[in-house]
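Let me begin by presenting the structure, written as C-alpha cells, before commenting on it.
Every number in this text was worked out from the coordinates using simple rules, so none of it is lab data. Keep in mind it's a predicted model, so treat the numbers as computed, not measured. Quick reminder, even Gly has a Cβ in these numbers, built from the backbone with ideal geometry, and neighbours come from all protein chains shown.
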Amino acid sequence: MSGPLPRPRGEVDYRLSRQRVLRQYEGGRLGRHDVCDAHPELMRAARAEGRSTQRTCPICGDEELVLVSYAFGRGLPKGGAAVRSKADVARLARKAGEIACYVVEVCPGCAWNHLERAFSVGNAASR
C-alpha cells in the first residue's frame, strides 16, 4: 500500500445514545423487537465479515458482539463498501476522494445493532 493512512476529520461517538436505548429497553419502554431489528444484509455482513469485540450482547447475553464497517462516497456502491481494515479505508479514500465511514456493533444471534461511531476521511478536492 502506498501513502499514509488518512486521518479522520471529526468523529461522532454514539455511546451515549446506546446507553439511552439500553436504559429504555431495560425500563420496558422499548421491546426486544424495537432493538433487535438488524437488516438481513447487516446480519450477513456481521456473520461473514464482523470483527470481534470480545463484548457480550447487552440484549441476549449469549453472543459476542461484532463490528461491521461501511464506507460511502462518490464512485462507491450505492449501498456502501464493506471496510475490513485501515488499509481498506485508505484505498477507498484514494479512489473516492472523501468517504463517510460508519461502524456498527451487531449481535449475530439476536440482531441487536447500534451505530457505534461515524467519521469522514479523505479530501473531496483530491479527486
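For the chain, the longest principal axis of the C-alpha atoms and the axis of helix 86-96 are separated by about 60°. Enumerate by residue number the trypsin sites (Lys or Arg not before Pro) in segment 18-78 meeting two conditions: DSSP loop (anything except H, G, I, E, B), and at most 13 other Cβ atoms within 10 Å of the site's Cβ. Qualifying residues, ordered by number: Arg29, Arg74, Lys78. Name the residues of segment 23-63 whose amide N is less than 12 Å from a point 7 angstrom out from the Cα of Ala82 along the C-beta direction? Under 12 Å, as judged by backbone N against the label point of Ala82, lie 41-51 of segment 23-63. Relative to the longest principal axis of the Cα atoms of the chain, the long axis of helix 40-49 lies at roughly 70 degrees. Extension gain for Leu115-Asp62 works out to 17.1 nm (0.36 nm per residue, less the C-alpha to C-alpha distance). Annotation for segment 30-127: chymotrypsin sites (Phe, Trp or Tyr not before Pro) lying in DSSP loop with at most 14 further Cβ atoms inside 10 Å of their Cβ do not exist. One equal scatterer on each Cα of the chain, no solvent, Debye formula: the resulting log10 I(q)/I(0) at q = 0.14, 0.20 Å⁻¹ is -0.65, -1.10.
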